[in-house]
Amino acid sequence: QVQLVESGGGLVQAGGSLRLSCAASGRTVRSYAMGWFRQAPGKEREFVAVNWYSSTSYADSIQGRFTISRDGAKNTVYLQMDSLKPEDTAVYYCVGDTSTRAVIAGTGAYWGQGTQVTVSS
């Protein structure tokens, strides 16, 4: 089993930055695909970014503004969010799975509890 705990959310003004962290425990996620999803009020959960080994993929809506990375030694995945917009306001979730396809599809086996990001205009 893998437990995921997100942190780093908060309130920021438009144009600002935040870095989310997702700390994994239970086992190393070095060989796992790890990603981020978000869910805004009244909307469905949507894919944000995924990282597997040295590869990454991003949603078009955040391309060029967000960066996913990981620290293997800390068993932690990050989401650096720059040039934030009010429409980025959502609960952000970390997800992990041995299958990259499952992570991108939102059917990954392991999910965190989410962290709130609020961007004011």
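Please treat every number below as a calculation from the coordinates, not as lab data. Owing to the predicted nature of the structure, the values given are computational and were not obtained by experimental measurement. Every residue, glycine as well, gets a Cβ built from its backbone with ideal geometry; the counts of neighbours run over all protein chains shown.
Values as computed for the structure displayed
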read-out: Charged-residue dipole, Cβ positions (Lys, Arg, Asp, Glu), the chain about Cα centre, Debye nearest 20; value: 260
read-out: Packing rank of 69-75, 114-120, where each peptide gets the mean count of other beta carbons within 10 Å, highest leading; value: 114-120, 69-75
read-out: Efficiency of FRET between GLN80 and GLN3 - r from beta-carbon atoms, R0 25 angstrom, step 0.05; value: 0.65
read-out: Order by protection proxy (mean Cβ within 10 Å, highest first), peptides 90-103, 34-47, 53-66, 8-21; value: 90-103, 34-47, 8-21, 53-66
read-out: Spin-label pair ALA102/THR118, simplified geometry with 7 Å Cα→Cβ offset, distance in nm; value: 3.5
read-out: For the chain, alpha-carbon Rg over 2.2 N^0.38 Å; value: 0.97
read-out: Segment 81-121 and segment 11-58: distance between their alpha carbon centers, rounded to Å; value: 4
read-out: Extension reserve of the SER31-ASP71 stretch, reckoned as 0.36 nm per residue once the Cα distance is removed; value: 13.2 nm
read-out: Whole-Hz couplings from phi, Karplus 6.51/-1.76/1.60, listed for segment 45-55; x for Gly and Pro; value: 5, 10, 5, 10, 7, 9, 10, 9, 6, 9, 9
read-out: In sequence order, calculated HN-Hα J values of segment 76-81 (Karplus, 6.51, -1.76, 1.60; Hz; x Gly/Pro); value: 10, 10, 10, 9, 7, 10
